[in-house]
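Peer 1: Attaching a single structure in structure tokens format; questions to follow.
Derivation of every value follows stated rules applied to the coordinates shown; laboratory data play no part. Nothing here was measured: the structure is a model prediction, and the numbers come from that model. For neighbour counting, all protein chains shown are included, and Cβ atoms are generated from backbone atoms with ideal geometry for every residue, glycine included.
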Amino acid sequence: MGERDDGTLINTYGDRLIEEELSFEPAGLGRFLREDSSGLAGDDSFGFFAYSYARAFEVLFEAAMKRPHHPMLMHPLLLLCRHSIELSLKEGLRQLATFNGGSERKITHNLETLWAQLRAALREAGLEADDDYTALCTEAVTLLHGHDLRGDRFRYPESTTGFAFASTLTDLDGLFKAHHRVTTYCGSIGDMLAEMSPPAY
């Protein structure tokens with residue numbers, strides 16, 4: 001097992017679990033997963049998923065920054081970054097489809113395709129999609145997509161055909177900027193559309 005800092009919450013839980021497992025009567029798991037179909041939790045939307053994965057990326061990024069030369073957290077961090085951006089793009093597409101009165105075109109994990117669809121939907125809504133900040137986001141999406149075409153490079157050490165992926169060298173500062181730029185860009189879409197919508201009476 002890898003080294004862990006003393007005094008962390010995970011150490012506290014781990015120590016308690018070891019004590020329970022070594023006892024003569026270890027506690028049962030119970031139903032630690034249950035389906036909630038009430039819809040009251042508010043966690044069943046692309047908006048919620050996009051927000052929660054973005055926050056998870058930031059939490060893991062902070063942990064990775066404490067050990068920037070340790071590779072253990074890099075692939076989970078890259079996976080969270082890519083999936084967070086994918087969810088943000090799909091949430092932006094959902095909002096634009098509602099505004100434009102069309103259908104959501106999001107049945108893909110291809111970041112470049114989602115980005116192209118988003119920019120087309122922005123233009124359809126009468127919004128800018130060719131400014132300098134959009135170009136910065138295009139650069140980020142293109143780099144992430146080019147490095148992980150199918151969304152599997154950060155999840156597995158090899159492809160479904162057995163091709164071994166090369167290691168990924170990660171500049172954490174650049175990764176954070178890329179994630180922040182694209183998710184902020186997508187997150188602003190709802191506000192821009194709200195300003196364009198007629199007031200409800």
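Peer 1: Check every one of the helices (runs of 4 or more DSSP H) wholly within segment 111-201 and list those with 3 or more residues that are closer than 30 Å to His69 by Cβ. It would help to see each step written out before you state the result.
Peer 2: Values: elements: 111-124, 132-147, 172-187, 189-196.
Fully inside segment 111-201 and qualifying: 132-147, 172-187.
Peer 1: Which one is farthest from Pro76 (Cα to Cα), of the residues in segment 125-142 that are surrounded by 14 or more Cβ atoms within 10 Å (Cβ to Cβ) and among the β-branched types (Val, Ile, Thr)? Outline the logic, then answer.
Peer 2: Pass one, segment 125-142, residues surrounded by 14 or more Cβ atoms within 10 Å (Cβ to Cβ): 125, 127, 129, 134, 136-138, 140-141.
Now drop any that are not among the β-branched types (Val, Ile, Thr), which leaves 134, 138, 141.
Working: Thr134: 27, Thr138: 23, Val141: 18 Å.
The residue in question is Thr134.
Peer 1: Restricting segment 143-183 to residues that are under 16 Å from the mean Cα position of the chain (by Cα) and farther than 21 Å from Phe61 by Cα, which is surrounded by the fewest Cβ atoms within 10 Å (Cβ to Cβ)?
Peer 2: Arg150
Peer 1: Here is a further query. For Met72, work out the one condition from (1) under 20 Å from Leu143 (Cα atoms); (2) surrounded by fewer than 21 Cβ atoms within 10 Å (Cβ to Cβ) it doesn't fulfil.
Peer 2: Against the list (1) under 20 Å from Leu143 (Cα atoms); (2) surrounded by fewer than 21 Cβ atoms within 10 Å (Cβ to Cβ), Met72 comes up short only on (1).
Peer 1: OK, next. Considering only residues of segment 49-62 that are without any contact (Cβ under 8 Å) to a residue 60 or more places away in the chain and surrounded by 13 or more Cβ atoms within 10 Å (Cβ to Cβ), which is nearest to the chain's Cα centre (by Cα)?
Peer 2: Here the answer is Tyr53.
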